[in-house]
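The values are calculated or read from the model by the stated rules, or taken from the named source; none is laboratory data. Quick caveat, the model's predicted, so the values are computed rather than measured. Glycine gets a Cβ as well: all are built from the backbone with ideal geometry, and neighbour counts include every protein chain shown.
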């Protein structure tokens with residue numbers, strides 16, 4: 001499984017755009033990149049998944065360069081409720097593959 | 001997104017007793033479910049992979065006789081902590097795999113186990 005590296009923490013203010021970058025230098029051809037959000041005492045929540053280029057949904061965008069060795073989660077106009085831990089995971093697209101969590105990025109949003 | 005229900009959300013038990021935690025995928029079938037454990041301010045640690053109709057696969061260092069996993073149907077997996085001790089106190093989280101172009105995991109809300 002590809003190892004991921006993220007910043008341990010980030011700080012932002014309400015209304016700003018936040019970009020969290022994850023490096024995964026040994027990503028394999030069949031690996032997908034998935035981001036999760038976790039609040040204290042809750043299970044992680046799926047945010048977005050992508051394979052290449054750009055993916056956008058109602059809450060975030062995911063940018064993946066051509067070499068796929070990194071990815072950037074973009075959260076537009078964050079609010080206080082976006083304060084959470086964000087995990088980047090890379091997993092082989094095969095049934096039954098467990099996701100191994102890294103340390104994640106703790107995002108703190110202030111007013 | 002898909003919904004995974006986990007119960008109970010919180011349980012307090014006496015040392016030596018057993019506790020069962022249920023994990024259900026409500027709107028999709030999950031051949032594979034996973035059980036994680038999380039300590040305060042730490043990341044999730046994979047405990048075991050639960051496959052419907054077969055024995056679970058445990059990660060190194062996880063005692064299979066203490067953490068019994070049953071995946072009897074495509075929508076239900078259970079984790080039983082047997083003869084619980086205070087060191088088993090932790091936050092337990094289940095997840096179910098939804099197949100697609102890229103496999104996605106959807107997580108339960110977690111169970112906070114406190115063993116007195």
Practice prompt. Give the number of residues within segment B:53-75 that are within 15 Å of residue B:97 (Cβ to Cβ) and within 10 Å of another protein chain (Cβ to nearest Cβ).
Written response: 1
Discussion item. Can you tell me how many residues within segment A:41-59 are more than 17 Å from residue A:19 (Cβ to Cβ), outside any strand (DSSP E or B) and touching a strand residue (DSSP E or B) at 6+ places or on another chain (Cβ under 8 Å)?
Written reply: 5
Worksheet entry | Residue selected from segment A:78-95 under the condition more than 8 Å from chain B (Cβ to nearest Cβ) and at pLDDT below 95, by the criterion farthest from the chain's Cα centre (by Cα) | A:92
Worksheet item: Restricting to strands (runs of 3 or more DSSP E) lying wholly in segment B:5-116: which have 2 or more residues that are in contact with a helix residue (DSSP H, G or I) (Cβ under 9 Å, 6 or more places away or on another chain)?
Response: B:111-115
Item to complete: Kindly provide the set of residues from segment B:43-80 that are closer than 18 Å to residue A:101 by Cβ, over 10 Å from the mean Cα position of the chain (by Cα) and surrounded by 13 or more Cβ atoms within 10 Å (Cβ to Cβ), ordered by number.
Response: B:43, B:44, B:45, B:57, B:58, B:59, B:62
Practice prompt. Go through segment B:91-112 and give me each residue that's at pLDDT 95 or above and surrounded by fewer than 21 Cβ atoms within 10 Å (Cβ to Cβ).
Written response: B:91, B:109, B:112
Practice prompt. Residue by residue through segment A:17-40, note down the ones that are crowded, with 21+ Cβ neighbours inside 10 Å, part of a loop (DSSP other than H, G, I, E, B) and at pLDDT 95 or above.
Written response: none
Worksheet item: Looking at (1) within 29 Å of residue B:112 (Cβ to Cβ); (2) away from chain B (no Cβ under 12 Å); (3) in a loop (DSSP other than H, G, I, E, B); (4) without any contact (Cβ under 8 Å) to a residue 40 or more places away in the chain, can you tell me which one residue A:7 breaks?
Response: (4)
Worksheet entry | Selection from segment A:41-50 of residues that are surrounded by fewer than 17 Cβ atoms within 10 Å (Cβ to Cβ) and either touching a helix residue (DSSP H, G or I) at 6+ places or on another chain (Cβ under 8 Å) or more than 16 Å from residue A:102 (Cα to Cα) (or both) | A:41, A:42
